[in-house]
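The values are calculated or read from the model by the stated rules, or taken from the named source; none is laboratory data. All values reported here derive from a predicted model rather than from experimental measurement. So basically every Cβ, Gly included, is an ideal-geometry build from the backbone, and we count neighbours across all protein chains shown.
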Amino acid sequence: MRSNTQKTYAEIERSARIRRRVGKIFTYAFLIFWGLMVLFPFYWMILTSFKTTGAYNAESVPKFYTLAPTLENYQEAFTAVPLAKYFLNTVIFTLATTGIMLVVIILAAYAFAKLEFKGKNLVFTLFLALMMIPGELVVITNYVTITNWNMRNTFWGLILPSVTSVFYIYLLKENFAQVSDDLYKAAKIDGCSDMGFLLKVMVPICRPTIVTVVILKVIECWNSYVWPRLITTDQNYFLVSNGIQQIRESGFGRDNIPAMMAAVVVISVPLVVLFLIFRKKIMAGVSRGGTKG
């Protein structure tokens, strides 16, 4: 009887292993399928950028490969519009905006997390309430303000509306709040100033979240389209998003799709590389900033 029981247990365990294995197979197959669906547009973009215009236009049925890749499209993308100039403008805009924003949100997050002042909770609640307002409504106010200040077609006009973020302040404030108040009290007893405590203790401890905020802001600035499109009409201040739109509107992009795709690849690659390098820091920083205790 014991032999039959052992046999039954072995059959049940074998059946469970088979079910788990089949479940894993279906799960991985599903993930691979959706992964390919997500990556296919990027593959098609890169593939098209290496096709000649004649080969692309001659394809009655799209081909998923090319036997004669060319780099001519990338050269044409940089000559059709001053794409290198737009690229440099985007780098300046991204670095300046991210740097100024970092100072603003660190100081604000520290004030809400560690300092005591009258009405702090009410002010922070009002800050969070601003997240409920659609960004499109803020664009109208910013446009009127920047226009009245005569800052259209200037880098300051591009930068100023983006130097703060309620979400990033909230994320960093929650991270700062996790640091023990005993450290703050001990530092004050030792005669350390608030700024010294912030720079020497808080920032190093919360570096993963700060790095995450920086990376996310860089991606946000690089992908910025509506505001630069609205506030700049001078090509000297165009960003890469303006460049892509200019290529399309000039007719060049409609007539030469491979060159258009080449320009998009050039603009997209830096962000993809940035995310692949820092993806673990992004995930760790977001999870740490959103966990309290």
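Annotations for the structure displayed:
- Residue among V104, V91, V81 that alone is within 20 Å of the chain's Cα centre (by Cα) and in contact (Cβ under 8 Å) with a residue 40 or more places away in the chain: V104
- Count of residues meeting criterion [touching a residue at least 24 places away in the same chain (Cβ under 8 Å), under 23 Å from L39 (Cβ atoms) and crowded, with 20+ Cβ neighbours inside 10 Å] in region 236-263: 7
- Boolean, T70 is among the β-branched types (V, I, T), touching a residue at least 12 places away in the same chain (Cβ under 8 Å) and not assigned by TED's automatic domain parsing to the domain that holds Y237: yes
- Of residues in region 82-106 being hydrophobic (A, V, I, L, M, F, W, C) and buried (at least 21 other Cβ atoms within 10 Å of the Cβ), the one farthest from V211 (Cα to Cα): L83
- G119 vs. criteria in contact with a helix residue (DSSP H, G or I) (Cβ under 9 Å, 6 or more places away or on another chain) and without any contact (Cβ under 8 Å) to a residue 12 or more places away in the chain: no
- Among the residues of region 115-137, at least one is in the same structural domain as L216 (by TED's automatic domain parsing), surrounded by fewer than 16 Cβ atoms within 10 Å (Cβ to Cβ) and within 30 Å of V266 (Cα to Cα).
- Residue in region 222-235 that is surrounded by 16 or more Cβ atoms within 10 Å (Cβ to Cβ) and of a type in the set (D, E, K, R) present: no
- Wholly within region 235-293, helices (runs of 4 or more DSSP H) carrying at least 2 residues that are modelled with pLDDT under 85 and of a type in the set (F, W, Y): 257-289
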